[in-house]
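Okay, so here's the structure we're looking at.
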């Protein structure tokens, strides 16, 4: 049975969200950013799956422990699935969330709401210390709002509107978001995989 799993992400917000969702797993969950030394994986994959696998394997090998990594992307139908795997750097390397959001709104300027359909997708990779991989995926469908709404969350949360809730991710409480999000869906599947290992 796995006693500890490393969260292989350098994103503090993502690590907090993942740790909260995994808190009832019964396994010690340690964000790698809590260590002074950790791998800095170059996300050069062409798919979310490739990036998640690479991050998980590098962390598992570095720490000699099981590791869990995700890669998530916002896929806008009108843009042919962009920004997708490039979501975190849509406006350029080392850009801010605000830069990505502003670019997204600029390229969708004048596009009516009914054509702004999108989905958020997360792929989770769980790696053993010797590189054996298990995958889980989560998706949530919505639209890109016509204006930024809400101040919670991070990334594209203030732009991604969920019709069933009548709110963007950034308008939802953390508890609600963590129960319905693409990452939550993928992590729930990952929990079952971890319990079975």
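The values are calculated or read from the model by the stated rules, or taken from the named source; none is laboratory data. What you are looking at is a predicted structure, and each value in this text was computed from that prediction instead of being measured. Here the Cβ positions follow ideal geometry from the backbone for every residue, glycine too, while neighbour counts run over all protein chains shown.
In table form, for the structure just shown:
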quantity: Residue 81, sole failed condition from (1) in contact with a helix residue (DSSP H, G or I) (Cβ under 8 Å, 6 or more places away or on another chain); (2) without any contact (Cβ under 8 Å) to a residue 60 or more places away in the chain; calculated: (1)
quantity: Single match in 132, 114 (criterion: without any contact (Cβ under 8 Å) to a residue 40 or more places away in the chain and within 30 Å of residue 1 (Cα to Cα)); calculated: 132
quantity: Test set (1) surrounded by fewer than 19 Cβ atoms within 10 Å (Cβ to Cβ); (2) under 26 Å from residue 93 (Cβ atoms); (3) touching a strand residue (DSSP E or B) at 6+ places or on another chain (Cβ under 7 Å) - residue 4 fails condition number; calculated: (2)
quantity: Hits in the stretch 15-62 (condition: closer than 21 Å to residue 120 by Cβ and not in a helix (DSSP H, G or I)); calculated: 22, 43, 45, 46, 47
quantity: Single residue of 159, 125 found to be more than 21 Å from residue 18 (Cβ to Cβ) and buried (at least 20 other Cβ atoms within 10 Å of the Cβ); calculated: 159
quantity: Matching residues, the stretch 1-21, being in contact (Cβ under 8 Å) with a residue 40 or more places away in the chain and more than 20 Å from residue 62 (Cβ to Cβ); calculated: 1, 13, 17, 20, 21
quantity: Test: residue 9 is surrounded by 19 or more Cβ atoms within 10 Å (Cβ to Cβ), at pLDDT below 90 and assigned to a loop (DSSP other than H, G, I, E, B); calculated: no
quantity: Residue check, residue 118 in contact with a helix residue (DSSP H, G or I) (Cβ under 7 Å, 6 or more places away or on another chain) and farther than 17 Å from residue 182 by Cα; calculated: no
quantity: Matching residues in the stretch 162-197 - criterion: being part of a loop (DSSP other than H, G, I, E, B), buried (at least 20 other Cβ atoms within 10 Å of the Cβ) and in contact (Cβ under 8 Å) with a residue 24 or more places away in the chain; calculated: 181
quantity: Condition met for residue 73 (farther than 30 Å from residue 128 by Cα and either touching a helix residue (DSSP H, G or I) at 6+ places or on another chain (Cβ under 8 Å) or part of a helix (DSSP H, G or I) (or both)); calculated: no
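Listed here are the residues, each with its yes/no results for (1) within 19 Å of residue 25 (Cβ to Cβ); (2) outside any helix (DSSP H, G or I); (3) more than 19 Å from the chain's Cα centre (by Cα).
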| residue | (1), (2), (3) |
| --- | --- |
| 87 | no, no, no |
| 92 | no, yes, no |
| 121 | no, yes, no |
| 125 | yes, yes, no |
